[in-house]
Amino acid sequence: MTYLAKPKFHHPSLPKNTLGYTHRDYEGSISTLCAGCGHDSISGAIIEACFELAIEPHRVAKLSGIGCSSKTPTYFLGNSHGFNSVHGRMPSVLTGANLANRDLIYLGVSGDGDSASIGFGQFAHAIRRGVNMVYIVENNGVYGLTKGQFSATADRGSKSKRGILNNDSPIDMGAIALQLGATFVARSFSGDKGQLIPIIKAAIEHNGAAFIDVISPCIAFNNHTGSTKSFDYVREHNSAVNRLDYLMGRAPITVDYAPGTVQVVEQHDGSKLVLRKLNQDYDVADRVAAMNFLAQHAAKGQIVTGLLYVESEPEDLHRHLNTVEAPLNGLGEEELCPGAATLEKINAGLR
Ligand SMILES: Cc1ncc(C[n+]2csc(CCOP(=O)(O)OP(=O)(O)O)c2C)c(N)n1
Ligand code: SF4
Ligand SMILES: [Mg+2]
């Protein structure tokens, strides 16, 4: 059996969002991952974020590759569109779907193996093209599904469960996403839902390539002493730069903050990201400073979390390509087939 269906019963007193939906309406099948796997907590955070944003489930398309992480879309948003693609190929499938229909919210879920090894090129091009999506890497430093080989995000000097040392340099997915031009970059920890849920909400509302690297310990193969992706190690070395208190619409900020303790980022639609600063010098609008900050802290063995970078006026692939607003399946024959005279004109321009 590849999945276990959940009973349909809803308790009448479950809290409802503004659409009248309960959390159950955003859940999926019962997880078959190992009990305690970090990935299940990320699924829980996605469910909570979509519930709080009162998103219509049919407006979401979940896409993934192959891995324990890539299995997780089965365990949330059971009423949404889903496509479980080939190992490392999620980004191109997502890009194609997005180009065909820009009206959906695209949620790409991947693993460190799926995105930093076989799918590294795919990841890079989807980010640099500015595909409007939320791209989540559930990063455990190993290939969990194939029994714990080091992945490309494993730190040099970290030890496998069987005592083997990793000698290769790690790929920092957050740093790479910054370098590639992602307009929203965050890092979080599966064990910190208070940080992760608002980040996911902000990423969903962002109209561009939003990348979230979530450290998500694999309790079966990478949660031992010597691992730098274990629950204990991440808790001890987590250096959060900010907390995203809330994300709201055009309403004014009513809570008082001490001067200099928050950074407010206004979005194109008038909504605001209110960031409580934990590091006074950190500026989420400075891409180059963010890259330096990550590199300096990585050299000290620290894991920088929080919203690392955001552009308030992002552009996306549709804007760059000047595509039609309407989903392609909504176009009629007239728009799709402009006729022999137009074709002749195009051909003439190529001669
Ligand atoms: C083309 C191809 N190569 C290799 C595999 C074997 N394989 C399946 S999952 C996986 C790695 C998954 O690692 P990751 O993306 O980190 O996910 P995790 O299980 O750790 O969540 C590999 C190598 C495959 N399924 N397809
Ligand atoms: S093997 Fe690791 S990544 Fe896969 S379900 Fe188990 S704990 Fe999670
Ligand atoms: Mg992995």
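Look at segment 135-154 and say how many of its residues are in contact with a helix residue (DSSP H, G or I) (Cβ under 8 Å, 6 or more places away or on another chain) and at positive phi.
Residues in segment 135-154 being in contact with a helix residue (DSSP H, G or I) (Cβ under 8 Å, 6 or more places away or on another chain) and at positive phi: 1 in total.
Given the criteria under 20 Å from ALA116 (Cβ atoms) and out of contact with any helix residue (DSSP H, G or I) (no Cβ under 9 Å at 6 or more places or on another chain), does PHE211 qualify?
No.
Cβ-Cβ distance below 6 Å, separation of 6 or more or different chains: which pairs start in segment 115-134 with a residue that is at positive phi and end on one that is part of a helix (DSSP H, G or I)?
Listed by first residue and then by second, the contacts come to GLY130/LEU317.
Is there any pair with a first residue in segment 149-165 that is under 22 Å from ASP114 (Cβ atoms) and a second that is in a strand (DSSP E or B) and away from ligand 3 (no atom under 16 Å from the Cβ) whose Cβ atoms are under 9 Å apart and which are 6 or more apart or on different chains, and what are they?
ARG156/LEU165; SER158/LEU165
So, in segment 112-144, of the ones that are part of a strand (DSSP E or B) and closer than 19 Å to LYS62 by Cα, which residue ends up nearest to ligand 1 (Cβ to nearest atom)?
GLU138
Sort through LEU244, LEU336 and tell me the only one that's at pLDDT below 95 and surrounded by 12 or more Cβ atoms within 10 Å (Cβ to Cβ).
Result of the check over LEU244, LEU336: LEU244.
If ILE164 satisfies all but one of (1) surrounded by fewer than 18 Cβ atoms within 10 Å (Cβ to Cβ); (2) out of contact with any strand residue (DSSP E or B) (no Cβ under 9 Å at 6 or more places or on another chain), what's the number of the condition it fails?
(2)
For segment 32-77, what are the residues that are in a loop (DSSP other than H, G, I, E, B), surrounded by 20 or more Cβ atoms within 10 Å (Cβ to Cβ) and more than 16 Å from ligand 2 (Cβ to nearest atom)?
ILE55, LEU77
Pairs please, first residue from segment 55-67 and acidic (Asp, Glu), second anywhere and within 14 Å of ligand 2 (Cβ to nearest atom), Cβ atoms under 9 Å, 6+ apart in sequence or on different chains.
Pairs found: none.
Would you kindly identify the strands (runs of 3 or more DSSP E) lying entirely within segment 236-322 that contain at least 1 residues that are touching a helix residue (DSSP H, G or I) at 6+ places or on another chain (Cβ under 8 Å)?
Filter on segment 236-322 gives 238-240, 242-248, 272-277, 303-310.
Just one of (1) surrounded by fewer than 24 Cβ atoms within 10 Å (Cβ to Cβ); (2) under 29 Å from THR32 (Cβ atoms); (3) at pLDDT 95 or above trips up GLY181, so point out which.
(2)
Report yes if some residue within segment 101-108 is of a type in the set (Lys, Arg), part of a helix (DSSP H, G or I) and in contact (Cβ under 8 Å) with a residue 24 or more places away in the chain; otherwise report no.
So far as segment 101-108 goes, no, none of its residues is of a type in the set (Lys, Arg), part of a helix (DSSP H, G or I) and in contact (Cβ under 8 Å) with a residue 24 or more places away in the chain.
Quick one: in segment 84-111, of everything that is within 9 Å of ligand 1 (Cβ to nearest atom) and within 12 Å of the chain's Cα centre (by Cα), which residue is surrounded by the fewest Cβ atoms within 10 Å (Cβ to Cβ)?
SER110
For segment 137-147, give me each residue that is near ligand 3 (Cβ under 9 Å from one of its atoms) and farther than 16 Å from SER188 by Cα.
VAL142, TYR143, GLY144, LEU145
The values are calculated or read from the model by the stated rules, or taken from the named source; none is laboratory data. What you see is a predicted model; the values in this text were computed from it and never measured. Counting neighbours? That spans all protein chains shown, and the Cβs are built from the backbone with ideal geometry, glycine included.
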